[in-house]
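Inspection log for the structure reproduced underneath, given as structure tokens.
The values are calculated or read from the model by the stated rules, or taken from the named source; none is laboratory data. Keep in mind the model is a prediction, meaning the values are calculated, not measured. A quick note on method: Cβ atoms are made from the backbone with ideal geometry, for glycine too, and the neighbour counts reach across all protein chains shown. Heavy atoms of the whole protein, side chains included, go into the accessibility calculation; ligands, DNA and RNA do not. Shrake-Rupley method; radii C 1.70, N 1.55, O 1.52, S 1.80 Å.
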Amino acid sequence: MCNKPVRVRFAPSPTGPLHIGGVRTALYNYLFAKKNGGVFILRIEDTDQTRFVSGAEEYIIKSLKWSGISPTEGPGFGGDFGPYRQSERQKIYGPFVDQLITKGLAYYAFDTAEELNKLREEAKKQGLPNWQYNSISRLGLKNSLSLSKDEVRKKIDLKTPFVVRIKMPRNKIIRFYDEVRGWVSVNSNNIDDKVLFKSDGMPTYHLANVVDDYTMKISHVIRGEEWLPSAPLHVFLYDAFGWEKPKFAHLPLILKPNGNGKLSKRDGDKLGFPVFPLNWESTDGNIFPGYKEQGFFPDAFINMLAFLGWNPGTTKELFSLTELCSSFSLERVSKSGAKFDPDKTQWFQQQHLRNTENVVLAKELQPLFKETVSIEKLAFVCGLIKERATFVLDIMRDGEYFFSPPKKLDEKAIKKRWKEDSKRQLESWYNELDVSISFKAKDLETLFFSFLKKNNIKMGDILPLFRLLITGKKSGPSMFEIASFIGKKECLERITNGIKKATQTT
Ligand code: GLU
């Protein structure tokens, strides 16, 4: 499929916590790399020092690790194409800008921010809100195309602050193929003379991004749709340098559940589901919830994200990360935005929990118990109740009665079921249990049914009450499994105490 070795990158800017849309981009890059025997790279795009947020890079790395999609190359991961932080690559970019200036494809511009703002304001007043620094306006401005060579030299010698801008030609069609969207073409008149190099000596996103993709030998640029408008400029830059272009794939947006616009941080607050992989504490002490801390399994989280914009072309929905790696293809990524669905997200977690081995669940649960409970016992309980749970903590909460008597009886439920004969029936059942030699679930079940027959009792008259006394709940797994698990002594005690409390309340 590809003749160049596959090298893809996830290139976030450390401007805050990584949104799930960012994790989805990282995931698709990771899956694409794994599918094609390629390399997945993390590059930190931190050229905009004004937007730098402390802790954001660590958060990004932790999130990728937790999701199971760690890069092969990146800051702290090694690799032969580093450094992988743009702020540490500062020296690399200058010579590339010089190449463009020498070729006449970029130029120095000395206009101050105030001067440009003024021009924008004036244009606005005249009803031209989209004033641009471009092929029409540039000759009337202060730059190396409008000023004489001597003036330019003087300004540079005097250390007059300058930026370097790309010289976008007039009326040129820029065309490129997007692996998701097909052919894209844009007239260069719609692109201004973007700044490539800033007065603080740092490259802009556009220049650094292209130079880094080239020098890191990136074969495919897979990124969010919000970068599609930048792609023509990037394509133009590749041509300006005379470089072979990578392939481009712009991924669809993740939309709000109602489909109206991009999923935002605020949607999470409003609808009560996380939009971040891990908890994030903002500088003002607010905690933004994360999937990890809410109890989601990384595999469930990843499975859910994979389906936001991709489908395998079959009805199979449950995938492990390894399965995703072998099934993923860019051809099956959709063009249209993917609606985020909180219910479906829960469903993925529920299904992954069900498919997790009981022993694995037990190991997660064990540290949550104050007293030591064996893995075997916990695994048994997990097997009985995981079908009804979404999170590991649900098992803990729903299965408390396996380890301690119910704290209170459901009085309302008992009252509803309690009949004149109930006390007597439960006491006889108690006596049966008391003399039973075996307390194996199967034997208890046989015992129970012969007890019903012998005493002419209806199952519905006694089984729900038996459950309420033993577990405090109206429903749950087999009562014979539960009774067998807690053992004869505990079972009899709970019946005695239950009858006592029930007769007091009824
Ligand atoms: N730094 C950009 C971001 O924050 C990366 C865009 C790209 O992947 O080219 O998303």
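Figures for the structure shown
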{"quantity": "Equivalent-ellipsoid semi-axes of the range 125-284, from the Cα gyration tensor, Å, largest first", "calculated": "35, 22, 18"}
{"quantity": "Alpha-carbon centroid distance for the pair the range 39-60 / the range 221-257, whole angstrom", "calculated": "19"}
{"quantity": "Contour excess over end-to-end distance, with Cα ends at Glu317 and Ser54 and 0.36 nm allotted per residue", "calculated": "90.9 nm"}
{"quantity": "Listed residue (Thr283, Gln346, Gly313) projecting farthest to the positive dipole end of the range 242-394, Cβ model", "calculated": "Gly313"}
{"quantity": "Alpha-carbon spread of the range 1-98, three principal axes, descending order, Å", "calculated": "37, 33, 21"}
{"quantity": "Debye equation applied to the C-alpha atoms of the range 86-217, log10 I(q)/I(0) at 0.09 Å⁻¹", "calculated": "-0.31"}
{"quantity": "The chain - mean residue ellipticity at 222 nm from DSSP helices (-39,500 (n - 2.57) per run, n ≥ 4, rounded to 500)", "calculated": "-13500 deg cm²/dmol"}
{"quantity": "Inverse mean reciprocal Cα-Cα distance (Kirkwood Rh) of the range 220-285, Å", "calculated": "14.8"}
{"quantity": "Taking all pairs of distinct alpha-carbon atoms in the range 333-377, Kirkwood radius in angstrom", "calculated": "13.3"}
{"quantity": "Relative contact order (percent, whole number), the chain, Cα cutoff 8 Å, 6+ residue spacing", "calculated": "12"}
{"quantity": "Equivalent ellipsoid dimensions for the range 388-506 as semi-axes, Å, which come from the Cα gyration tensor, largest first", "calculated": "22, 18, 13"}
{"quantity": "Ser282 paired with Asp200, simple spin-label distance in nm, labels 7 Å along Cα-to-beta-carbon", "calculated": "2.2"}
{"quantity": "Dipole of the range 1-53 [Lys/Arg +1, Asp/Glu -1 at C-beta], most positive-end residue of Phe10, Phe32, Gln49", "calculated": "Phe32"}
{"quantity": "Solvent-accessible surface ranking, highest first, for Tyr238, Tyr177, Tyr430 at 1.4 angstrom", "calculated": "Tyr177, Tyr430, Tyr238"}
{"quantity": "DSSP-defined antiparallel bridges as percent of all bridges, the chain, nearest 5", "calculated": "55"}
{"quantity": "Mean projected area in nm² (Cα convex hull; one quarter of hull surface) for the range 261-387", "calculated": "10.5"}
{"quantity": "At 1.567 mPa s and 4 °C, Stokes diffusion of the range 363-452 via Kirkwood alpha-carbon radius, µm² per second", "calculated": "82"}
{"quantity": "Cα radius of gyration and Dmax for the range 83-146 (Å)", "calculated": "15.7, 48"}
{"quantity": "Whole-number Å³ per residue for the convex hull built on Cα positions in the chain", "calculated": "206"}
{"quantity": "Cα-based equivalent ellipsoid, the range 206-321: semi-axes from gyration tensor eigenvalues, Å", "calculated": "32, 20, 15"}
